[in-house]
Amino acid sequence: MRRSPSTWSSAPPPTRAFTSSRWRRGVFRVSGPPVERLLARHDLENDEALAHIEYRLGRMGVIRALEAAGFEPGDDVEIAGMVFELHPG
């Protein structure tokens, strides 16, 4: 009986393309090429751009990771040296 190639090996589990941690009370750091590129492309002073960033961070799993570390809406987030309040939802 011949086995299919999928039974010989499995794909490695997906890895996060970012890291997140509590920096100090009410401030969290996120780093990694995808999130840093996201911020580099948008103006943090523009409300529509911030809404888009929050949406993309949610889709990337960043919000979930921050919440697991104790993040609450309105806490500051630092990405690529830029600090801003994050209000997901």
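The values are calculated or read from the model by the stated rules, or taken from the named source; none is laboratory data. Predicted model only: the values in this text are computed from it and were never measured. Cβ: placed from backbone, ideal geometry, glycine included. Neighbour counts: every protein chain shown.
Numbers at a glance
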{"item": "Gly74, sole failed condition from (1) at pLDDT below 95; (2) part of a helix (DSSP H, G or I)", "result": "(2)"}
{"item": "Residue within the range 56-66 that is assigned to a loop (DSSP other than H, G, I, E, B) and small (Gly, Ala, Ser) present", "result": "yes"}
{"item": "Count - residues of the range 45-57 that are in contact with a helix residue (DSSP H, G or I) (Cβ under 8 Å, 6 or more places away or on another chain) and exposed (fewer than 14 other Cβ atoms within 10 Å of the Cβ)", "result": "0"}
{"item": "Tally, over the range 24-68, of residues that are more than 13 Å from Leu86 (Cβ to Cβ) and either touching a residue at least 60 places away in the same chain (Cβ under 8 Å) or among the aromatic types (Phe, Trp, Tyr) (or both)", "result": "0"}
